[in-house]
């Protein structure tokens, strides 16, 4: 599995754990529902800035989002 797939799966998992719709997440971080959907399905790569926004929003580390760590806590 490549890092794009891991990132996509982690974003979707975190969104679902927070009980958010794609629209709600998009609104919260300033992107469209379609962009969230594209990220979750690996059709769209994201910028570093957007990855940081997602990590901050979900209060997880960037390493967790990209699959470099199984520990979501920030260090």
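Could you put 31, 39, 52 in order, starting from the residue whose Cβ has the fewest other Cβ atoms within 10 Å?
Ranking 31, 39, 52 by Cβ neighbours within 10 Å, fewest first, gives 52, 31, 39.
Please identify which residues in the range 35-51 have an amide N closer than 12 Å to a label point set 7 Å out from the Cα of residue 5, following the Cα→Cβ vector.
42, by backbone N distance to the label point.
By how many degrees, 0 to 90 and rounded to 10, does the Cα axis of helix 3-17 deviate from the longest principal axis of the chain?
For 3-17 against the chain, the angle is about 70 degrees.
To make sure I understand, if each residue's beta carbon is the centre and we count other beta carbons within 10 Å, what order do 12, 33 fall in, fewest to most?
Taking fewest neighbouring Cβ atoms as first place, the list is 33, 12.
Based on other C-beta atoms within 10 Å, arrange 20, 48 from fewest to most.
Ascending Cβ contact count within 10 Å gives the list 48, 20.
How much FRET efficiency would the formula 1/(1 + (r/R0)^6) give for residue 50 and residue 70, where r is the Cβ-Cβ distance and R0 is 30 Å, rounded to 0.05?
Once the sixth-power term is evaluated, E becomes 0.85.
Where does helix 48-58 land angle-wise versus the long Cα axis of the chain, in degrees 0 to 90, nearest 10?
The answer is roughly 90 degrees.
Read-outs throughout are calculated quantities, based only on the coordinates presented, and are distinct from any laboratory measurement. Since this is a predicted model, take the numbers as computed values, not measurements. All Cβ positions, even for glycine, are placed from backbone atoms using ideal geometry, and neighbour counts span all protein chains on display.
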